[in-house]
Amino acid sequence: RQTAAERGISNVRFEVADLAVGLPDGPFDAVISTQGITSVDGDRAAVVTRAAAALRQGGHLVGVEILPNAPAATAFIDGAASVGLALVGATMAPFEDGFVPGAYPVLIFAKGAEAIEVDIVGLYEEALVDLRRRHFRALGWTDEEIEENRAIRAAGGECNGCGGCEA
């Protein structure tokens, strides 16, 4: 709200809501969920349905959700598609828990749009490779040492890493 006001943007309304409980009257141009859908203890499909219903035609649902692997992300995408939300963008949000790298997908859906094809497995793999590189760089490894270790692992050899992670 403050940023919108500072920039002189007055044709926008912000609402904070619990998707598990409901949303204020829409329609909305966007619903943004940061771990709000997958953190629901109840019926997650109902939450996605509620978000879709609150969007105007062409509106977007942006989800940064706790989807730890490609099958979980694919199931989430399929569930959104079943209520009229088409996947129109995907990237990864990296994180580190201690020195264990991970990444969650940032999935962007549009109501009534044409879905795009996304290689979810590839997104996860690419994100983890990037995070492992960051991890080893933070430990002082050179790019050459990182690549040598990656090649050894790809060939089925034992990791000669620091032992502090599963990379």
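Just so you know, all these numbers are worked out from the coordinates, no wet-lab data involved. Here the structure is a predicted model, which is why all the values come from computation and not from measurement. Here the Cβ is made from the backbone with ideal geometry for all residues, glycine too, and neighbour counts use every protein chain on show.
Based on the mean of other Cβ atoms within 10 Å per residue, sort peptides 104-116, 63-75, 34-46 so the most packed one is first.
Put in order of decreasing packing, that is 104-116, 63-75, 34-46.
Run the numbers on the range 31-79 and let me know its relative contact order in percent, using alpha-carbon pairs under 8 Å that are six or more apart.
50 percent
Over all directions, average the projected area of the Cα convex hull of the range 1-108 and note it in nm².
Answer in nm², one decimal: 8.2.
May I ask you to evaluate 6.51 cos²θ - 1.76 cosθ + 1.60, the Karplus curve with θ = phi - 60°, for each residue of the range 29-42 and list the ³J(HN,Hα) values in order in whole Hz, giving x for glycine and proline?
So the J values, rounded to whole Hz, are 6, 8, 10, 10, 10, 10, 6, x, 8, 6, 8, 5, 7, x.
Under a 5 Å amide H to amide H cut-off, with H placed in plane at 1.01 Å, what residues pair with Ile66 once short-range neighbours are removed?
Counting only residues 5 or more places away or on other chains, the set is Gln35, Thr38.
Hydropathy first: keep DSSP H helices in the chain averaging at least -1.0 on Kyte-Doolittle, then drop any whose Cα extent along the axis falls short of 18 Å, and list what survives.
120-138
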